[in-house]
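S.K.: Please see the structure below; I have some questions.
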Amino acid sequence: MKLIFHSMGKYKWAIFFAIFLKLVGTLTELVLPYILEHMVDYVVPAGKLGPVIFWGLMMFVAAFFCRQFNVMANRRAINNAHKVSYDIRQALFEKTANLSGTQFDGFGLPSLISRMTSDSYNVQTAAQQLQSLCVRAPIMLVGGVIATLSMDKHLALILVIMIPFLLGIILFVSAKGIPMFSKVQQKLDVVVRIMRENITGIRVVKALSKSDYEMRRYAVANKEMADSDIKASTIMSIPWPFMQLCLNTGLALVIIIGARRVNAGQMEPGVILAFLTYFNMITMGVMGLNRIFMSMSRASASANRIDAVLKTETDQNILSEDQVKKPEGDELIRFEHVDFSYHEKQEGTQVEGFAGEEQENALTDIDFALKKGESLGIIGPTGCGKTTIINLLMRFYDASEGAIYVEGRDVRTYDKDELRRKFGVVFQNDMIFKDTLNENIDFGRGLSAEDIRAAVEDAQVADYIDGLDEGLQYEASIKGANLSGGQKQRLLVARALAGDPEILILDDSSSALDYKTDAAMRKAIGEHHKDSTLIMIAQRVSSIMGMTHIMVMDNGRCIGYGSHEELLKTCPEYKDIYDVQMGSIGA
């Protein structure tokens, strides 16, 4: 709950004003039964029309102002709550964007999505209720008790005895509810994960006729979440039957005892009428408190989950030059005996749900260097660590052992934006956003039309864009699902080339291209981006055989390094790949 109160602090004056309006509106509402009792017992029996009209108008004015103040308070409470949740989502999004790869993997994408959506909504609901229901319910409860005590202590004693018992039940059940709602949110993470997997892979699911299987898998996760939610909500609803029983019993006692006291001449009949109204207000106050504790239990669980992300300290601090050793050479890129494991918990990392066990290294003793303008092709079987090299070079993760240098500086000494501005990159399964072609290529960098056109031509995607409806072309709205694999890959390459990067990384970015288009694209890159240092990950020997250096990977290790001709002589694995692929092409 500290997160909620801290977030509300930014809008404290607006929130205080909303609370003040709710306070005035609720106090005005408490006056209404008192006016009614006064009219019934004293004004009407006097038989004079003037006082009846006067007190009737007073009651109307009180009811009108009660309604106006409550409406204004509710509107302001909603507005303030939306601002609070907006700030929390913004902070959560910014924090998520700056998590290291290790931390991101530890939380998991589905969990982060549910924290930004359902958890932030629960916090928003709590922020709203803290300004409205949390003001109204206690005042109705306490104010109603005080009002009844001032009218008749004997009848009020019935309420005074019941209320502590009811509050005790609510507090006890709420303490049990918070852990249960945390479990509900964890189950929701699983549901979100399965939904995301199916939405992303819907074509594969349909192509393999696995819709029924995925429906059953989702149904299991959905049922587990529903069962957890039902269990938590059932526990939190336990006070309600007891409250109904106690309050209805109290109401019956008020009528019975009140009638006897009226018959005995010990109180006026208007008091009973007022008592019934106040009793109804007190009932709403107790019910409101029950709702508050239910909502706050859920919001507390959600706030704790959000806070766990926001309080995660970076495990990738920027180091000073004095904290790292100097590289052995002056090449543009240098890896010095680098080891890395995705499952190794790095020092200072506190990640919810982290598996904890160490597994085999994804990379072991990777050692190579590239000069400016040189090129490196990386080839090897799936899962051998090719993409991991890129992840470490761009510092999405930190190496477990060894060091990585760019322009003679350890990557850990760079500000991340400064480091990553040097790169133009196309990842495996990269994103085309639902936007215009121009924005997908420019990507908010403010590039000139000439730079974008040159990149489009080099990426061999100009024919696709020029073939679009005249007048649209670069302003045509696209999304990844409407593009072929080859069109998507060429647009992604155009995005990477458009910024004229110092280091160009293409991670399996031509797998969907025919050999002719692939060759034309490589030729254009070689001619127009000579100063860029190129790292290309590929499955085709033909895509990398012209590179300055080629690295052959297997099981996280470099098993061959050199030019194409050298590897044909020294690396049997590379020669086997070459013979199989080039032989099949020849056939």
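The values are calculated or read from the model by the stated rules, or taken from the named source; none is laboratory data. Please read all numbers here as calculations on a predicted model, not as lab measurements. Don't worry about glycine lacking a Cβ; one is built from the backbone with ideal geometry, like all the others, and counts go over all protein chains shown. Only protein heavy atoms, including side chains, enter the accessible area calculation; ligands, DNA and RNA are left aside. Shrake-Rupley method; radii C 1.70, N 1.55, O 1.52, S 1.80 Å.
S.K.: With everything on Cα atoms, drop me the angle between helix 269-310 and the longest principal axis of the chain, reported from 0 to 90° to the nearest 10.
M.R.: Here the helix axis deviates by roughly 10 degrees.
S.K.: Summing -39500 (n - 2.57) over the DSSP H runs of n ≥ 4 in the chain and dividing by its residue number, what mean residue ellipticity at 222 nm do you reach, to the nearest 500 deg cm²/dmol?
M.R.: Working: 22 runs with 362 residues, N = 587.
Mean residue ellipticity, 222 nm, calculated: -20500 deg cm²/dmol.
S.K.: Also: Net charge near Ala538, counting Lys/Arg +1 and Asp/Glu -1 over other residues with Cβ under 14 Å of its Cβ?
M.R.: Working: positive: Lys386, Arg522, Arg540; negative: Asp507, Asp508, Asp518.
Here the count lands on 0.
S.K.: Each residue of segment 381-388 in turn: what ³J(HN,Hα) in whole Hz from Karplus with 6.51, -1.76, 1.60 and θ = phi - 60°, glycine and Pro shown as x?
M.R.: Ordered by residue, 3J(HN,Hα) equals x, 4, x, 8, x, 4, 5, 4 Hz.
S.K.: Normalized C-alpha radius of gyration of segment 87-144, against 2.2 N^0.38 Å?
M.R.: Working: Rg = 17.1 Å, N = 58, 2.2 N^0.38 = 10.3 Å.
Computed over Cα atoms of segment 87-144, the ratio equals 1.66.
S.K.: Roughly how many nanometres apart are two label points built 7 Å out from the Cα toward the Cβ at Lys183 and Thr314?
M.R.: For Lys183 paired with Thr314, the spin-label model returns 3.8 nm.
S.K.: How large, in Å, is segment 455-557 by the Kirkwood hydrodynamic radius built from its alpha-carbon pairs?
M.R.: Values: mean 1/r = 0.0681 Å⁻¹.
With all distinct Cα pairs of segment 455-557 included, I get 14.7 Å.
S.K.: What length, rounded to one decimal in nm, is gained on full extension from Ser150 through to Phe172, with 0.36 nm per residue of separation minus their alpha-carbon distance?
M.R.: Length difference between fully extended and current span is 4.8 nm.
S.K.: Taking the highest mean first, how do the peptides 415-421, 384-390, 154-160 order by number of other beta carbon atoms within 10 angstrom per residue?
M.R.: 384-390, 154-160, 415-421
S.K.: Given R₀ = 25 Å, what would the calculated FRET efficiency be for Ser233 paired with Met195, taking r from the Cβ atoms and rounding to 0.05? Walk me through the numbers on the way to the answer.
M.R.: Values: r = 22 Å, r/R0 = 0.88.
My answer for the efficiency is 0.70.
S.K.: Another question about this same structure. As I understand it, the value is the acute angle between the Cα axis of helix 485-498 and the longest principal axis of the Cα atoms of the chain; what does it come to in degrees, rounded to 10?
M.R.: Tilt relative to the chain: about 90 degrees.
S.K.: Which percent of Cα-Cα pairs in the chain sits in each 10 Å bin, short to long?
M.R.: So the P(r) values, bin by bin, are 3, 12, 17, 18, 14, 10, 8, 7, 5, 3, 1, 0.
S.K.: Additional query: How long is segment 396-530 along each principal axis, judged by its Cα atoms, biggest number first, in Å?
M.R.: Sorted largest first, the three principal extents are 52, 31, 28 Å.
S.K.: Nearest 10 degrees, 0 to 90: what angle lies between the long axis of helix 153-200 and the longest principal axis of the chain (Cα atoms)?
M.R.: For helix 153-200, the angle is close to 20 degrees.
S.K.: Continuing with this model, one more query. For Arg260 and Arg445 in one chain, what is 0.36 nm times their gap in residues minus the Cα-Cα distance, to one decimal in nm?
M.R.: Values: separation 185, 0.36 × 185 = 66.60 nm, distance 8.30 nm.
Between Arg260 and Arg445, full extension yields an extra 58.3 nm.
S.K.: Taking 0.36 nm per residue of separation and subtracting the Cα-Cα distance, what length does fully extending Asp322 through Arg557 add? Don't jump to the answer; show the numbers that get you there.
M.R.: Numbers: separation 235, 0.36 × 235 = 84.60 nm, distance 3.02 nm.
The Asp322-Arg557 span can extend by a further 81.6 nm.
S.K.: Also, quick follow-up: I'd like the distance between the alpha-carbon centres of segment 139-178 and segment 261-305, rounded to an integer number of Å.
M.R.: Value for the Cα centre distance between the two parts: 7 Å.
S.K.: Right, another one. Mind checking which lysines have their Cα closer than 25 Å to the Cα of Lys83? Skip sequence neighbours fewer than 8 apart in that chain.
M.R.: Answer for Lys83, where 25 Å is the Cα cut-off: Lys2, Lys10, Lys12, Lys22, Lys95, Lys311, listed by chain and number.
S.K.: Under a 1.4 Å probe, what is the accessible area of the chain per residue, stated in Å²?
M.R.: Values: 29530 Å² over 587 residues.
Per residue, the chain has 50 Å² of solvent-accessible surface.
S.K.: Given a 1.4 Å probe and heavy atoms of the protein chains only, how would you sort Tyr561, Tyr121, largest accessible area at the top? Don't skip to the answer; put the middle values down first.
M.R.: Details: Tyr561 80, Tyr121 135 Å².
Sorted by accessible area, descending: Tyr121, Tyr561.
S.K.: Taking all protein chains in place and a 1.4 Å probe, what share, in percent, of the accessible surface of segment 436-587 do carbon and sulfur account for? Could the numbers behind the result be given before it?
M.R.: Numbers: 3550 of 7200 Å².
In segment 436-587, the share of accessible area belonging to carbon and sulfur is 49 percent.
S.K.: Per residue of segment 56-68, what does 6.51 cos²θ - 1.76 cosθ + 1.60 with θ = phi - 60° give for ³J(HN,Hα)? Whole Hz please, x for Gly and Pro, Karplus curve as stated.
M.R.: Karplus values, whole Hz, x for Gly and Pro: x, 5, 4, 5, 5, 4, 4, 5, 5, 5, 4, 5, 5.
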